[in-house]
Amino acid sequence: MARITITGPSGRQERQLFRHNSLGRHPRNTHQVLDRVVSKEHCHIELRGEDYVLKDLGSLNGTFLNGERVVADQPLRPGDEITIGSTRIVFETDHARPEVTFDRLMSEEPREATQRFKIGDTDAGHLIRAKVSVLAEKTFFAEELIEDDASLRREYEKLRASHEVTRAIELGTSITAICNKILEVAFRLVPADRGVVLLHNDQGHLEPVSVRTGEDADPNQEVVVSKTVLDTVVRDKQAVLSHDASADARFQSAQSVIMQGIRSTMCVPLLHDDSVLGVMMLDSKLATHAFDERDLALFETVASQAAVAIQNTLFAKRLEQEAVMRERFRRLLSPAIAEQVMSGHLEVKKGGELRETTMLFADIRGFTSMSESSEPQIVVDALNEYFERMVEIVFRYEGTLDKFIGDEMMVLFGSPVAHEDDPARAARAALEMQAALGPINERHEARGLPAFEIGIGINTGEVVAGYIGSSQALEYTVIGDPVNTASRLCSLAKPGQILVTEGTREKLAEGFELGELPAEQLKGKAQPIRVYELLGRTARR
C-alpha cells in the first residue's frame with residue numbers, strides 16, 4: 001500500500017494513495033493542500049501498472065521532484081520528495097519503507113530530526129545542527145532550534161528590515177514614496193537585482209509606479225515582467241515563484257526575460273479586501289533558486305503591508321477630494337440637497353447636458369455709489385450680511401447658487417437638481433428676497449448706511465448645464481441664451497421690481513399676481529419679448 005506524508009503550513013498528515021489522486025488547494029481534490037502558493041488543482045499521482053506516476057497540471061509555481069522541476073510525467077520511488085509551493089510531500093510504500101538512516105534523517109524537517117535523536121556533541125549532532133542551520137534559511141524556527149550565530153544574525157536582520165517596512169509605511173506621504181521605500185527595504189530582505197511595483201490606473205491597466213535596480217544591474221535596462229504571469233497573478237490573486245525563469249514555460253512568451261538572463265523571479269499581488277491594487281515583482285540574474293519559499297512568504301507579507309498603506313493613502317486622498325467636493329456643493333446647494341448628492345442618492349453629471357432651468361439674477365441698485373462713499377470694510381460687512389440672508393432663502397427653496405458677480409448673484413432652479421415646480425420656487429424665493437430687505441435696511445439705517453434695493457430678473461428655458469473650467473478649477477454652471485435673457489431682464493428691473501419672461505409666466509401655477517408690462521427689445525433678440533412684473537402671491541381660497 002502506497003501513501004504520502006504531507007508537511008506544510010497546515011501541519012503534517014499521512015494520507016493513503018488511491019489509483020488516481022489529485023492534489024491542490026481546492027477541497028474537491030483527493031488530497032487538499034492548504035498552501036497559498038499551490039494551485040487549485042496542482043498535480044496528480046496516478047497508478048500506472050505497478051508504478052505511481054507524478055504529473056504536473058501546468059501549475060503556476062510548478063511541481064518539483066527531488067529538487068528538479070517536473071516537466072514530463074515522472075515515476076515515483078520510495079523516499080522521493082515532492083515539493084509544491086512551500087509544502088513537502090514524501091512518497092512511501094509498505095513493501096519498501098526506507099529505514100531511518102542519517103541521510104534519511106537529513107531529508108526531514110529539523111524538529112522531526114531532533115525528535116528522532118537526542119542531539120549531543122557527536123559528529124551526527126554537529127551535522128544535524130548544520131542541517132538545521134541550512135533549513136533555517138527556508139523557514140522561521142523557534143529560538144531553541146537555532147544554535148549558530150550567523151543564522152541568528154540573518155533572522156535578526158530580516159526582522160529588523162520588516163520593522164523598517166512598517167516604519168516606512170507609517171511615514172510615507174505619497175504612494176510613490178511608499179512604493180520606493182518598500183522596494184528599498186525588499187532589496188535588503190532578499191538578494192534581488194531589480195524590482196518594480198505596478199498599480200492599476202484609472203483605466204484599470206497596470207503601470208509602473210516605482211522601479212529599483214541593484215548595484216550590479218544596469219539602471220537603464222527595462223525591467224521586464226511577463227504579461228502572462230501578471231495576468232495570472234491578478235486573476236488568481238496568487239503569488240508566482242520561479243526558480244529558473246529561462247527554463248520556465250510560463251515565461252516562454254517573454255523573450256526579453258531570456259535575453260536579459262533573468263534566472264529567479266517572484267511576483268506577488270497587492271491585495272486589499274480581496275481586491276488587487278497592483279503587483280510587486282523582484283528578479284535576480286545571479287543564479288537559479290535565488291529565492292525560496294520563505295523569501296516568497298516574507299515578500300508577500302511586505303506586499304500585504306504595502307497594500308494596506310497604498311489603500312489607506314488612496315482612501316485619504318479620496319476623503320480629501322470628497323471634502324473639497326462636499327464644501328463646493330455646500331456653497332452651491334442647500335445642505336439637504338448637498339448631502340443627497342454626496343451620498344450618491346442624487347447624481348450630478350460631470351459632462352454637459354441639456355436641462356430646463358429657471359435662472360434668477362438679483363442685483364443691488366446703486367451699490368457702486370455706496371461703495372465709493374463708505375469704508376471698504378463696512379461695505380464688505382454689509383454685503384456679506386445681505387448675501388447670507390439671500391442664500392438662506394435660496395437654499396430654503398432648494399435652489400442652486402451658481403455664483404456671485406460683484407453685488408449680483410446668479411441662482412438656478414432645476415440644475416443640477418430638478419423639481420416639478422422650479423419656476424414657482426424661483427418666484428417665491430424672489431418675493432421673499434425682496435421682503436427680507438426690510439430688516440436688513442433697518443440695521444443699515446442704525447449704522448448710517450444707505451438702504452439696499454434690488455432688482456430681480458427671472459427666465460425659464462433649456463440650457464447646457466455641467467462643469468466648466470480647467471482641470472485645476474472646475475465650477476458647475478449653465479450657459480445658453482436663456483441665461484443671457486434672465487441677466488438682461490435683471491438689468492431692466494427697477495429697485496424693488498421682479499421681472500419675469502413669458503416662458504416663466506406660462507409655467508407658474510395659480511397663486512401669483514402678475515402684471516404685464518410693455519414689450520422690451522433685449523440685446524441679441526430679433527423681436528421684443530413680453531415682460532411681466534411679479535407683484536406678489538394671491539390669497540388662497
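Going through the stretch 443-477 one residue at a time, which ones are closer than 26 Å to F367 by Cα and modelled with pLDDT of 90 or more?
Of all residues in the stretch 443-477, those closer than 26 Å to F367 by Cα come to 443-459, 477.
Once the filter is applied, which keeps residues that are closer than 26 Å to F367 by Cα and modelled with pLDDT of 90 or more, the stretch 443-477 yields F452, E453, I454, G455, I456, G457, I458, N459.
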Out of everything in the stretch 472-529 that is among the small types (G, A, S) and in a strand (DSSP E or B), what residue ends up being surrounded by the most Cβ atoms within 10 Å (Cβ to Cβ)? A519
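For G457, indicate whether it is over 26 Å from E385 (Cα atoms), in contact (Cβ under 8 Å) with a residue 12 or more places away in the chain and open to solvent by less than 60 Å² (accessible area, probe 1.4 Å).
Working: over 26 Å from E385 (Cα atoms): no; in contact (Cβ under 8 Å) with a residue 12 or more places away in the chain: yes; open to solvent by less than 60 Å² (accessible area, probe 1.4 Å): yes.
Answer is no for this residue.
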Criterion (surrounded by fewer than 19 Cβ atoms within 10 Å (Cβ to Cβ) and assigned to a strand (DSSP E or B)) met by exactly one of R77, R12, R28: R12
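Look at the stretch 403-452 and say how many of its residues are part of a strand (DSSP E or B) and among the charged types (D, E, K, R). It would help to see each step written out before you state the result.
The initial filter retains those residues of the stretch 403-452 that are part of a strand (DSSP E or B), namely 403-405, 408-413.
Next cut, among the charged types (D, E, K, R) only: 403, 408.
The total comes to 2.
Let's see how each residue does on (1) modelled with pLDDT under 85; (2) within 39 Å of the chain's Cα centre (by Cα):
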{"site": "R3", "(1), (2)": "no, no"}
{"site": "V33", "(1), (2)": "no, yes"}
{"site": "V38", "(1), (2)": "no, yes"}
{"site": "C43", "(1), (2)": "no, yes"}
{"site": "G58", "(1), (2)": "no, yes"}
{"site": "R77", "(1), (2)": "no, no"}
{"site": "D80", "(1), (2)": "no, no"}
{"site": "A96", "(1), (2)": "yes, no"}
{"site": "E112", "(1), (2)": "yes, no"}
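Of all the residues that make up the stretch 24-76, how many are among the small types (G, A, S), within 18 Å of R88 (Cβ to Cβ) and touching a residue at least 40 places away in the same chain (Cβ under 8 Å)? Lay out the reasoning, then the answer.
Applying the first criterion (among the small types (G, A, S)) to the stretch 24-76 yields 24, 39, 49, 58-59, 62, 67, 72.
If we keep only those that are within 18 Å of R88 (Cβ to Cβ) as well, we get 24, 39, 59, 62, 67.
Adding the requirement that they be touching a residue at least 40 places away in the same chain (Cβ under 8 Å) leaves 39, 62.
Count: 2.
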Working only within the stretch 31-46, note down all residues that are open to solvent by 60 Å² or more (accessible area, probe 1.4 Å) and either of a type outside the set (S, T, N, Q) or in contact with an Asp or Glu (Cβ under 7 Å, 6 or more places away or on another chain) (or both). L34, R36, K40, E41
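The values are calculated or read from the model by the stated rules, or taken from the named source; none is laboratory data. What you are looking at is a predicted structure, and each value in this text was computed from that prediction instead of being measured. Cβ sites come from the backbone with ideal geometry, for glycine too, and all protein chains shown count toward neighbours. These area figures cover heavy atoms from the full protein model, side chains too; ligands, DNA and RNA do not enter into them. Shrake-Rupley method; radii C 1.70, N 1.55, O 1.52, S 1.80 Å.
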